[in-house]
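A quick write-up on the structure given underneath.
The values are calculated or read from the model by the stated rules, or taken from the named source; none is laboratory data. Model, not experiment: these values are computed from the prediction. Reconstructed Cβ throughout: ideal geometry from the backbone, glycine too, with neighbour counts over all protein chains shown.
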Amino acid sequence: MAGKSRWADTEEDAELEAKLKRDKEEKKRLKAEEKARKAAAEAEWEQKRIASRAQQEQALATEPTQHTNSEPATKRRRGKATDEDSSTGESSAKLLRFEAPTWKPTASVENYDKLNDIEEGTYGWVARAKDLRTGKVVALKRLKLDEAVNGAATSRAGLPETGLREIQILKDCSHRNIVGLHEVVLNDAAASYSNTNRKEPIEAVFLVLEFVEHDLKSILEDMAEPFLASEVKTLLRQLGEGVAYLHAHWILHRDLKTSNLLLNNRGQLKIADFGMARYVGDPAPPKLTQLVVTLWYRSPELLLGASTYDASVDMWSVGCIFGELLAREPLLQGRNEVDALSKIFELCGVPTEESWPGFRRLPNARSLRLPSSSNAPAAVTGSMIRAKFPLLTAAGCQLLNALLSLDPRNRPSAADMLRHEYFTQDPKPKHEAMFPTFPSKAGQERRRRRETPNAPGRGQKAPASVDFSGIFAGREREERGGGFSLRMI
Amino acid sequence: MSHITNPLATVEQLYSRSTLNALPQDLQDAIFLSMQSLTQAAGLLLRLPQSVTAQANVVLARYWVTISWPFIDEFSDISAASLFLVAKLSSHPTTPRDLCNVYAYLLSPLSPLFRPSAADPPSTTPDKTLYYLSEPGYSEAHARILALESRILCALSFDTHVALPHGLAVTYLKALDFLGVSPPAPLAQRVVGYLNTALLSPQLLYLTHQPSALAVAAIYNAAKDLGAKMPECAWWEVFDVDREELGFLVVGMRSVEGAVRAGREKDISAELHEGNMITRAGIETEMRKRGMVLGNGVNTSGSSENAAPLTEEDMLMRSLDERADQMDS
């Protein structure tokens, strides 16, 4: 209580203060009461639950039709609504409420002011734009529609399901390492007409995405010094967290590569481009398309034509990205399927029935002629990863080796990967806030056209069978001569 | 979380639909019911799993609350487009050709779909020309479906996500120890039956309640029907459903059957279908008929305040409709 000071000397002040104090005490008391009541109710409810469970079990065991007095709630409730408050256990139970979004007509792209193109290539078109309502800078990605969609009558399948899947998956995802989708907008004509129930074909669909300054690929190309070991760890851990989130939500990305990984100026990595992604179950549905993942990041089982695959194809790509972060250049730059596979075998060794049981049964493995394991030197079947990355720690090597296991069953899951000792050993992952920033490009982060091959096109036919017989054609002879030569890089 | 939650219709959406719509409620319900039944039938004939067809039903319902009379599309096309869209995004895509063929059959006089009485027994050699889809007919239907597909996507802001309650219901039954003790089939079957029937509900239950609530209500109803012993306490709260919600859904699910039956009888008497899918033209005729009846002061549809503007609106609608048709061809 305030004394006789010249600041607070009136009676009113004193009164007010007293009142405040009273209120506070009252509140405290109520709180405590509430707490006690809750605890009691919970206990009671728990007891009730156990009791009724036991009763139920008993009833099920003895006579299943006796239920007349267990028919509760809805009817009785009508008459005595006040009853609800007094029946303790029920009213105090805290129910989970779901946030329910709704749907509204798609808005127009006119709400965004284009600032500059970021990228224009085979994927379609991405631009930096400003939201005129909020002033926020976003990335606008124009969905690639089949040519025919514009003349709606002639197109065969309507809007491409890849684009629709991308939208759906991004809408469902919310994770700091996955690029955020704000909304989907249409070209003005289509948007305004759809609101008035008129017919106007969609000419363009734009994804309004969170704007991220860089992509990892351009950074790797431009940087003078490679990433520090601690920086590689931060990036790889963020990638792992994003992929783990996707896999936990039954999503396969199927096109992980450095050009699809974005990095903002606060050291945050974000997975982007879900054009190849899809939902899968466990076990994964059969007859998935093999034409996924950009060639350099494509796993050996996909190259060998497996049509049932799972999250491990993404983990192979993660392995390739790990290698690329260390080496600053793509790890396995195959010119075509055959070359890609031979590069994989060069790096990871040649599969044997022990290291990859059952690989011979894959569709394209029939034409594969491998050096017979009996007379091949151990080096052929062993991995070259240790030799290729001499600066990598033993734990790092072990992780990279595991990610690049030929047998998909041996690859760790994303969650496993995050628990790997590589991330706990020194040097510790660098804190994101400490991450170096990278200069923006002259044209406001305009990205260069890259020479990375593209993800396989939609509707492209998978080659009936790829002839891998040439891979080791020269090797057998070579071996008889001066032995199998190792290439140290 | 998105695997067990759905976007829901807002109060405004539902309100404006029921009050600002020029179409009387009973006609709206009849149209909705026939569209949903048609979608289910097509799903069966296309050998799509019920999970796909049910999602199409929900997408259709969401689109349905966004459109109002006068409709620019034929109701059967809306059904076909929803099914096509959902199937395309699922792991069971269907080709436009199959889809159009199936709908051509279902809309032909030979289809038993809207003729439960089987007044004329099927002849031994069905007249195939009745459901033969010519090449121009096919490309026209195809174009209509694709145009509608984009319109549905626009109306839903490209969100086609549907979480079905069926899987949750099985999990709940397991949690309640109903699977594995006694033969679970009858109860589980009944639960699934309730959930599928609720897709047809004119109350649009799938747009107003989350899957968990639907699953609990279906279990409650099924258990009551079969006399299964349920826990004495408020077991639905374990599944995050309160009594209010459950009570509403229990009644809502049980009323579907009556609504369907009443709707069928009334429609047949009103010659809305004439044994066929309800069409826009049929609705128009019916409206005109009612407009006259309303003008005479004998109100059957229960919406007297609509009486005066109805004929005027009707004219406008028809002219709009005709224009739409012209644009079509």
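Tell me the residue from A:Val350, A:Val313 that is modelled with pLDDT of 90 or more and buried (at least 20 other Cβ atoms within 10 Å of the Cβ), please. I'd like the intermediate steps shown before the answer.
Numbers: A:Val350 fails: modelled with pLDDT of 90 or more.
Every option except A:Val313 fails the conditions.
For segment B:128-151, which residues satisfy the criterion of being within 25 Å of the chain's Cα centre (by Cα) and within 10 Å of chain A (Cβ to nearest Cβ)?
Hits for segment B:128-151 are B:Glu140, B:His142, B:Ala143, B:Arg144, B:Ile145, B:Leu146, B:Ala147, B:Leu148, B:Glu149, B:Ser150, B:Arg151.
Residues are listed down the side, and each one gets a yes or a no for (1) closer than 22 Å to B:Gln13 by Cα; (2) crowded, with 18+ Cβ neighbours inside 10 Å; (3) in contact with a Cys (Cβ under 6 Å, 6 or more places away or on another chain):
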position	(1), (2), (3)
B:Ile67	yes, no, no
B:Ser76	no, yes, no
B:Thr95	no, no, no
B:Tyr103	no, yes, no
B:Leu107	no, yes, no
B:Pro112	no, no, no
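Looking at segment B:157-171, can you tell me whether even one residue there is assigned to a helix (DSSP H, G or I), more than 11 Å from chain A (Cβ to nearest Cβ) and surrounded by 24 or more Cβ atoms within 10 Å (Cβ to Cβ)?
Yes - at least one qualifying residue is present in segment B:157-171.
Name the residues in segment B:82-92 that are touching a residue at least 60 places away in the same chain (Cβ under 8 Å) and more than 9 Å from chain A (Cβ to nearest Cβ), would you?
Initially, segment B:82-92 is screened for residues touching a residue at least 60 places away in the same chain (Cβ under 8 Å), giving B:82, B:84-86, B:89.
Residues satisfying the conditions are B:Ser82, B:Val86.
Kindly evaluate B:Cys154 against the criterion of being in contact with a strand residue (DSSP E or B) (Cβ under 8 Å, 6 or more places away or on another chain) and at the interface with chain A (Cβ under 8 Å from one of its Cβ atoms). First the steps, then the outcome.
Values: in contact with a strand residue (DSSP E or B) (Cβ under 8 Å, 6 or more places away or on another chain): yes; at the interface with chain A (Cβ under 8 Å from one of its Cβ atoms): yes.
Answer is yes for this residue.
Residue-by-condition table, conditions (1) under 20 Å from B:Arg151 (Cβ atoms); (2) modelled with pLDDT under 95:
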position	(1), (2)
B:Glu12	no, yes
B:Asn21	yes, yes
B:Phe32	yes, yes
B:Asn57	yes, no
B:Thr66	yes, yes
B:Asp73	yes, yes
B:Tyr103	yes, yes
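For residues that are hydrophobic (A, V, I, L, M, F, W, C) and surrounded by fewer than 16 Cβ atoms within 10 Å (Cβ to Cβ), scanning just segment B:1-35, find the one that is nearest to the other protein chains (Cβ to nearest Cβ).
We begin by selecting, within segment B:1-35, every residue hydrophobic (A, V, I, L, M, F, W, C); these are B:1, B:4, B:8-9, B:11, B:14, B:20, B:22-23, B:27, B:30-33, B:35.
Pick out the ones that are also surrounded by fewer than 16 Cβ atoms within 10 Å (Cβ to Cβ) and you get B:1, B:11, B:20.
Details: B:Met1: 7, B:Val11: 10, B:Leu20: 14 Å.
The selected residue is B:Met1.
Could you list, in sequence order, the residues of segment B:18-55 that are within 13 Å of B:Tyr103 (Cβ to Cβ) and of a type in the set (A, V, I, L, M)?
Listed by number, the residues that qualify are B:Met35, B:Leu38, B:Ala41, B:Ala42, B:Leu44, B:Leu45, B:Leu46.
Quick check: is even one residue across segment B:39-48 buried (at least 20 other Cβ atoms within 10 Å of the Cβ), out of contact with any Pro (no Cβ under 8 Å at 6 or more places or on another chain) and in a loop (DSSP other than H, G, I, E, B)?
Yes, that holds for at least one residue.
How many residues does segment B:60-77 hold that are touching a Pro at 6+ places or on another chain (Cβ under 8 Å) and more than 9 Å from chain A (Cβ to nearest Cβ)?
Of all residues in segment B:60-77, those touching a Pro at 6+ places or on another chain (Cβ under 8 Å) come to B:62, B:66.
Checking the rest, the ones that are also more than 9 Å from chain A (Cβ to nearest Cβ) come to none.
Total satisfying the criteria: 0.
Within segment B:232-241, can one find any residue that is in contact with an Asp or Glu (Cβ under 9 Å, 6 or more places away or on another chain) and either closer than 20 Å to B:Ala54 by Cβ or in a helix (DSSP H, G or I) (or both)? Spell out the reasoning first.
Kept after step one, since they are in contact with an Asp or Glu (Cβ under 9 Å, 6 or more places away or on another chain), are these residues of segment B:232-241: B:233-234, B:236-237.
Those left that are additionally either closer than 20 Å to B:Ala54 by Cβ or in a helix (DSSP H, G or I) (or both): B:236-237.
Yes: segment B:232-241 contains one or more residues that are in contact with an Asp or Glu (Cβ under 9 Å, 6 or more places away or on another chain) and either closer than 20 Å to B:Ala54 by Cβ or in a helix (DSSP H, G or I) (or both).
Of the residues that sit in segment A:407-422 and are part of a loop (DSSP other than H, G, I, E, B) and without any contact (Cβ under 8 Å) to a residue 60 or more places away in the chain, which one is surrounded by the fewest Cβ atoms within 10 Å (Cβ to Cβ)?
In the first step, residues of segment A:407-422 are kept if they are part of a loop (DSSP other than H, G, I, E, B); the result is A:407, A:411-413, A:419-420.
Next, from what is left, pick out any that are without any contact (Cβ under 8 Å) to a residue 60 or more places away in the chain: A:407, A:419-420.
Details: A:Asp407: 16, A:Arg419: 12, A:His420: 19.
Per the stated criteria, the residue is A:Arg419.
Can you tell me which residue among B:Gly227, B:Gly258 is more than 21 Å from B:Gly167 (Cβ to Cβ), free of Cβ contacts under 8 Å to residues at least 24 places away in the same chain and within 9 Å of chain A (Cβ to nearest Cβ)?
Details: B:Gly258 fails: within 9 Å of chain A (Cβ to nearest Cβ).
The conditions single out B:Gly227.
Every residue in segment A:134-161 that is outside any strand (DSSP E or B) and at pLDDT 90 or above, please. Before you say what the answer is, go through the steps one by one.
First, the residues of segment A:134-161 that are outside any strand (DSSP E or B): A:134-136, A:143-161.
Hits for segment A:134-161 are A:Thr134, A:Gly135, A:Lys136.
Looking at the structure I just gave you, is B:Tyr63 among the hydroxyl-bearing types (Ser, Thr, Tyr), assigned to a helix (DSSP H, G or I) and out of contact with any helix residue (DSSP H, G or I) (no Cβ under 7 Å at 6 or more places or on another chain)?
On the way: among the hydroxyl-bearing types (Ser, Thr, Tyr): yes; assigned to a helix (DSSP H, G or I): yes; out of contact with any helix residue (DSSP H, G or I) (no Cβ under 7 Å at 6 or more places or on another chain): no.
No, not satisfied.
Name the residue that is farthest from the chain's Cα centre (by Cα), counting only residues in segment A:174-188 that are free of Cβ contacts under 8 Å to residues at least 60 places away in the same chain and either buried (at least 23 other Cβ atoms within 10 Å of the Cβ) or not in a loop (DSSP other than H, G, I, E, B) (or both).
Looking at the filtered set, the residue picked out is A:His182.
Would you confirm whether any residue within segment A:278-290 is modelled with pLDDT of 85 or more and away from chain B (no Cβ under 14 Å)?
Taking segment A:278-290 and keeping what is modelled with pLDDT of 85 or more, we get A:278-280.
Now narrow it down to the ones that are away from chain B (no Cβ under 14 Å): none.
Looking for residues that are modelled with pLDDT of 85 or more and away from chain B (no Cβ under 14 Å), one finds none in segment A:278-290, hence no.
Among the candidates A:Leu246, A:Leu236, A:Leu256, A:Leu207, single out the residue that is assigned to a strand (DSSP E or B) and surrounded by 21 or more Cβ atoms within 10 Å (Cβ to Cβ).
On the way: A:Leu246 fails: assigned to a strand (DSSP E or B); A:Leu236 fails: assigned to a strand (DSSP E or B); A:Leu256 fails: assigned to a strand (DSSP E or B).
After applying the criteria, what remains is A:Leu207.
For every residue, the table says whether it meets (1) crowded, with 20+ Cβ neighbours inside 10 Å; (2) modelled with pLDDT under 90; (3) in contact with a strand residue (DSSP E or B) (Cβ under 6 Å, 6 or more places away or on another chain); (4) part of a loop (DSSP other than H, G, I, E, B).
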{"residue": "B:Ala147", "(1), (2), (3), (4)": "yes, yes, no, no"}
{"residue": "B:Ser150", "(1), (2), (3), (4)": "yes, yes, no, no"}
{"residue": "B:Asp177", "(1), (2), (3), (4)": "no, yes, no, yes"}
{"residue": "B:Pro183", "(1), (2), (3), (4)": "no, yes, no, yes"}
{"residue": "B:Asn196", "(1), (2), (3), (4)": "no, no, no, no"}
{"residue": "B:Leu214", "(1), (2), (3), (4)": "yes, no, no, no"}
{"residue": "B:Ala218", "(1), (2), (3), (4)": "yes, no, no, no"}
